[in-house]
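Notes follow the structure.
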Protein chains: 2
Amino acid sequence: MAVGPATLPSMYSVDGIRIGVASAGIKKPGRKDVVVFEVCEDASVAGVFTKNAFCAAPVVISKDHLAQGNVRYFLINTGNANAGTGKQGLADAYECCDLLAAEVGLTRTAVLPFSTGVIGEPLPVAKIAAAIPQAVENLSAYQWEAAASGIMTTDTRPKGATKQIEIDGQTVTISGISKGAGMIMPNMATMLGFIGTDAAVEPQLLQEILTDAANKSFNRITIDGDTSTNDSCMLIATGRSGAIVSSSDTEALNLFVEAINEVMLEIALAIVKDGEGATKLVTVSVESAGTQEEALKTAYTVAHSPLVKTALFASDPNWGRILAAVGRAGIENFDLETLKIYLDDVCIVENGGRAASYTEDAGQAVMNQENILIRIVLNRGDVNETVWTTDLSHEYVTINADYRS
Amino acid sequence: MAVGPATLPSMYSVDGIRIGVASAGIKKPGRKDVVVFEVCEDASVAGVFTKNAFCAAPVVISKDHLAQGNVRYFLINTGNANAGTGKQGLADAYECCDLLAAEVGLTRTAVLPFSTGVIGEPLPVAKIAAAIPQAVENLSAYQWEAAASGIMTTDTRPKGATKQIEIDGQTVTISGISKGAGMIMPNMATMLGFIGTDAAVEPQLLQEILTDAANKSFNRITIDGDTSTNDSCMLIATGRSGAIVSSSDTEALNLFVEAINEVMLEIALAIVKDGEGATKLVTVSVESAGTQEEALKTAYTVAHSPLVKTALFASDPNWGRILAAVGRAGIENFDLETLKIYLDDVCIVENGGRAASYTEDAGQAVMNQENILIRIVLNRGDVNETVWTTDLSHEYVTINADYRS
């Protein structure tokens, strides 16, 4: 089950990035499960990673190698997350980096490893080792779609977004792919995002742009509140278009940031729409909060409430559950009289209770939609925040209660 | 569905408390849906209430009347929560208080109102008005079981616990009833607890004892993280046994506190076992935390994780989900190497990964049980906290996705 049509756009290639895919047979024979990104020399690379205290081995290594600069390759495998694997997991991930580095004549710090799949199982290094030469051999600029499929685990569809903009008369391309929403059987899956652009951006600025964009996209989507040990999102800027993005050219910077934000939001929302058992895409928008903290607290409390989510699944305009979720979000000195809650444009709560103008028919009409906006207007300040989530369906329970096998 | 046998004990009556039940036909004709507690003069009454910013009208009034002292009656109705009802809801609740007060020749502040059921619907005052004289007429010391049934909403079984202890050669009785776990269709239900004892306890000490006991029972159970607008727990001490509990007699105080804690934990756990769609009773125990806050944060993150809960439903010893939930609980400077996680006595995580001694068979054996203990040993300090929860089943989704009708 997933929300909306499954449309992977025809992806623009990004000059300076080549992609190779291969079958290692990690979980299923014949499936493309190893993806290699090759990044041209002098490219900038930025990354954001899971905040889970239990980082998987590849996350620990990717953070370290990224900090050392000079990244040239990403090595991504699905089918095994190499998480909860202790010291052996680190050794295995280093070995994979070494294998790819040797294949291309570099040292291990040039390689960032990414793994997604089962946790707690040893990484099948021999299988990956056999696949690396295949992937390197077929490196090409035109495999973004193949990569979008190659990084899938239990995703039901590949996810990508692609865009071209003009900066100072130059065409700048941005392409991105993502995978894996929610925590997925057999153990948990991972949100991975890989975005490339041929703009030239200094590493520090690129990191700021990525961190900010992730905070408006990957860090604002939630299926079930669980975060994986492996979540990572990477942004590569090759500079090959000749267009330069820097803080001294505000107009170019703004154009670029806007485009990056759009691509990242699109691939992040694709993850939500393909969330486990999802039948609805739900936008929870909190307006005029006093602080960002209270805006996010309110939004997430609503977005994570099993009662709100089951009501969304049932297309039940059960406004009392939304009201109760807002009420327990922990906002201090909350004046209920000023709160308003809307389903799309239908006011459901005002003056501390059900809106006088509210009718069940109007609420029902919104709830029947596949895309639903819950707007919570706090009237306490000028901070707005939006998060995106799904409903909670029988299929979610079925998927996650299935025994690992 | 519910966990364990449905056993309402034969309840001891509590000298100084009489209970009346009546049918107002609020939701279903003929169902007992109004319960009146009568408290003797000079009794002490203590109460704890929901922390949801949206208190239902009866909660607002009960808090106020309790603070004024001199409480003589509780008026409890099911079928309608009188929540999200604005000013009319307050007026309706006051009118009900006035009606009962007039029936017994007192003023409204002697009455505490409690409501549970649908939110956002006007309280059917006329129906309750007609039921009040019936309830007053059949007031008797021997209706604790009838009251346990009379306060049910979608509970599948009445809940009560009863106990007698000796204090200074006197027999002291403690009886308590509770209702309603999780947030229940049609909107949300309420945790209500009513406990009575014939010990003599000054109001302030009684309040301290209740607050502390609630923190170890009602405030440590969670089905889905949602808290109702109506949750309330009341403790009455009539003094009729002649036994005096005061802070100057530590031995008597400890005996009494222990017995109150036992009764409250028993009726709180009865709520969890009857949680929506519950097939397991899950104890999440966090040991040797640095602070109470981190202990509770860890325990609730695990207890609320949909992934942990669906694994519990599936009897799947999916230790990676527990590990990931602990990892995202937000503990600062967390040394993974010192963490240990157990399922009952089976160590599943140590040294930052799956325990070397762990076998799937051993984990499976624990997961097959109806009662499961998840022990998380942080080794950061000396604070221990325990919360209780259930699994997340298909029936939970079915119950909560059913349209209100």
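Some observations on this one:
- Ranked from shortest, the separations from the 7 Å Cα-to-Cβ label point of A:Glu258 to its equivalents in the other copies are 7.2 nm.
- Residue pairs exceeding 20 angstrom between C-alpha atoms, taken from B:Lys63/B:Lys159; B:Lys273/B:Lys309; B:Lys179/B:Lys216; A:Lys179/B:Lys297; B:Lys51/B:Lys273: B:Lys63/B:Lys159; A:Lys179/B:Lys297; B:Lys51/B:Lys273.
- Shape category assigned to the stretch A:281-401 from the gyration tensor of Cα positions, a/c cut at 1.5: oblate
- Nearest-first distances (nm) between copies at B:Pro5, label 7 Å from Cα via Cβ: 6.1
- Inter-probe distance in nm under a simple model that places probes 7 Å from Cα toward Cβ, at A:Thr211 and B:Leu373: 4.4
- Length gained on full extension, B:Thr291 to B:Asp98, computed as 0.36 nm times the residue gap minus the Cα-Cα distance: 64.8 nm.
- Couplings 3J(HN,Hα) of the stretch A:331-337, computed from phi: 6, 7, 6, 7, 8, 4, 5 Hz, in residue order, whole Hz [Karplus 6.51 cos²θ - 1.76 cosθ + 1.60, θ = phi - 60°; x for Gly and Pro].
- Acute angle (nearest 10 degrees) that the helix A:292-304 long axis makes with the longest principal axis of chain A, alpha-carbon atoms: 90
- Each residue, B:Ser247 and B:Arg31, gets one label point 7 Å from its Cα in the Cβ direction; the gap between the two is 4.4 nm.
- Inter-centroid distance (Cα atoms) of the stretch A:105-151 relative to the stretch B:273-303, Å: 39
- Remark: relative contact order (the stretch A:13-66) = 26 percent; criterion is Cα-Cα distance under 8 angstrom and separation of 6 or more residues.
- Beta bridges per DSSP with both ends in the protein assembly as shown, % antiparallel, nearest 5: 70
- The average projected area of the protein assembly as shown, computed from the convex hull of its Cα atoms over all directions, is 34.3 nm².
- Rounded to 5, the percent of DSSP beta bridges in the stretch A:17-273 classed as antiparallel: 70
- Simple spin-label estimate for A:Glu202 and B:Glu137 gives 8.8 nm between the two label positions (7 Å along the Cα-to-Cβ direction from each Cα).
- Sparse-neighbour loop sites [chymotrypsin sites (Phe, Trp or Tyr not before Pro); the stretch A:305-405; at most 15 other C-beta within 10 Å; DSSP]: A:Tyr403
- Of the beta bridges in the stretch A:63-139, as assigned by DSSP with both residues counted there, near 10 percent are antiparallel.
- Residue among B:Lys28, B:Lys63, B:Lys340 with the largest mean-square fluctuation in a Gaussian network model of chain B, springs linking Cα atoms under 10 Å: B:Lys28
- Per-pair calculated FRET efficiency, R0 = 41 Å: A:Ala6 and A:Asn254 via Cβ, rounded to 0.05: 0.80
- In this structure, A:Asn333 and B:Val60 have a Cβ-Cβ separation that, at R0 = 22 Å, corresponds to a calculated FRET efficiency of about 0.85.
- Relative contact order (percent, whole number), the stretch B:17-273, Cα cutoff 8 Å, 6+ residue spacing: 24
- Extension gain for A:Asp361-A:Asn261 works out to 32.4 nm (0.36 nm per residue, less the C-alpha to C-alpha distance).
- Under 16 Å of direct C-alpha separation, and excluding same-chain neighbours fewer than eight residues apart, B:Lys32 reaches these aspartates and glutamates: B:Glu137, B:Glu145, B:Asp155.
- Relative contact order of the stretch B:281-401, defined on C-alpha pairs under 8 angstrom at six or more residues apart (%): 47
- For A:Asn70, the label point sits 7 Å beyond Cα toward Cβ; its separations from the matching points on the remaining copies run 8.4 nm, from shortest to longest.
Quick note: the coordinates plus some simple rules give every number you see, no bench work behind them. The shown structure was predicted, so the numbers you read here are calculated from the model rather than taken from an experiment. In this analysis, Cβ positions are derived from the backbone assuming ideal geometry, glycine residues included, and neighbour counts consider all displayed protein chains.
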